Amino acid sequence: MTEQTPNPTPENLADTVPAAEAPDALAAAEQKIAELQDALLRAKAETENMRRRAAEDVIKAGKFAAEKFASAMVPVKDSLEAALADTSNDVTKTREGVELTLKQLVQAFGGASVEEVNPLGEKFDPHKHQAISQIEAPGEPNHVVQVLQKGYLLHDRVLRPALVIVSRAAA
């Protein structure tokens, strides 16, 4: 049988730790506490730095979110200014310039995930369309029969609803 030593209590602790080792054990424990406190402070500081950096990143992302789109819009503005500065009165040349400017704009919209909504013939969707009026028309009711103004989506979120005229059943 092995002899069991009782759990140390304040009364018998002095009996289990020799007097010469007690100061060394206390010093080691105090050193360990100091190391743990230092590690805790460093972890807190690192966490605070990460939180601050993340907050700065969010601010920068919001501030410069339109940078790519704005860069794509600068050539469109340049083309429009060039069209206004043209004094040749050549309608064909002006029309070609406007068509090229429109192509630049469409490319800029595509790069920014702006999608055109032209719902002619589609079922009316109040989330994407704004009905201006209803008219009697052949075919199914509640369908778009005329688009007065195209709508636009940004990543499937409505930027501007399409203004439409909707069909209703004949009386």
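The values are calculated or read from the model by the stated rules, or taken from the named source; none is laboratory data. Quick caveat: nothing in here was measured; it's all calculated off a predicted structure. Please note: Cβ atoms are built from the backbone with ideal geometry, for glycine as well, and neighbour counts cover all protein chains shown.
Please verify whether Phe69 is in a helix (DSSP H, G or I), surrounded by 12 or more Cβ atoms within 10 Å (Cβ to Cβ), modelled with pLDDT under 90 and not charged (D, E, K, R), treating the condition exactly as stated.
Values: in a helix (DSSP H, G or I): yes; surrounded by 12 or more Cβ atoms within 10 Å (Cβ to Cβ): yes; modelled with pLDDT under 90: yes; not charged (D, E, K, R): yes.
For Phe69, the condition - in a helix (DSSP H, G or I), surrounded by 12 or more Cβ atoms within 10 Å (Cβ to Cβ), modelled with pLDDT under 90 and not charged (D, E, K, R) - is met.
Taking the options Gln107, Gln31, name whichever one is under 29 Å from Tyr152 (Cα atoms), modelled with pLDDT of 85 or more, in a helix (DSSP H, G or I) and out of contact with any Gly (no Cβ under 6 Å at 6 or more places or on another chain). Walk me through it before giving the result.
Numbers: Gln31 fails: under 29 Å from Tyr152 (Cα atoms).
Being under 29 Å from Tyr152 (Cα atoms), modelled with pLDDT of 85 or more, in a helix (DSSP H, G or I) and out of contact with any Gly (no Cβ under 6 Å at 6 or more places or on another chain) holds for just one of Gln107, Gln31, which is Gln107.
Taking Ala20, is it modelled with pLDDT under 90 and more than 39 Å from the chain's Cα centre (by Cα)? If you could, list the steps in order and put the result at the bottom.
On the way: modelled with pLDDT under 90: yes; more than 39 Å from the chain's Cα centre (by Cα): yes.
Spelling it out, Ala20 is indeed modelled with pLDDT under 90 and more than 39 Å from the chain's Cα centre (by Cα).
Output the residues belonging to the stretch 128-149 that are under 26 Å from Leu105 (Cβ atoms) and surrounded by 15 or more Cβ atoms within 10 Å (Cβ to Cβ). It would help to see each step written out before you state the result.
Residues of the stretch 128-149 under 26 Å from Leu105 (Cβ atoms): 128-130, 132, 144, 146-149.
The answer is Lys128, His129, Gln130, Val144, Val147.
Starting from residues that are of a type in the set (Asp, Glu) and assigned to a loop (DSSP other than H, G, I, E, B), keep the ones in the stretch 72-93 and report whichever is nearest to Gly110 (Cα to Cα). Lay out the reasoning, then the answer.
First, the residues of the stretch 72-93 that are of a type in the set (Asp, Glu): 78, 81, 86, 90.
In the following step, the residues that additionally are assigned to a loop (DSSP other than H, G, I, E, B) were identified as 86, 90.
Values: Asp86: 28, Asp90: 30 Å.
Here the residue is Asp86.
Looking at this structure, is Thr47 exposed (fewer than 11 other Cβ atoms within 10 Å of the Cβ), of a type in the set (Ser, Thr, Tyr) and either outside any helix (DSSP H, G or I) or not assigned by TED's automatic domain parsing to the domain that holds Ser167 (or both)? Before the answer, list the steps.
Values: exposed (fewer than 11 other Cβ atoms within 10 Å of the Cβ): yes; of a type in the set (Ser, Thr, Tyr): yes; either outside any helix (DSSP H, G or I) or not assigned by TED's automatic domain parsing to the domain that holds Ser167 (or both): yes.
It is true that Thr47 is exposed (fewer than 11 other Cβ atoms within 10 Å of the Cβ), of a type in the set (Ser, Thr, Tyr) and either outside any helix (DSSP H, G or I) or not assigned by TED's automatic domain parsing to the domain that holds Ser167 (or both).
Return the residues of the stretch 96-118 that are β-branched (Val, Ile, Thr) and in contact (Cβ under 8 Å) with a residue 40 or more places away in the chain; say none if nothing qualifies. Give the steps one after another, and end with the answer.
Start the filter on the stretch 96-118 by keeping residues that are β-branched (Val, Ile, Thr), which leaves 98, 101, 106, 114, 117.
Selection gives Val114, Val117.
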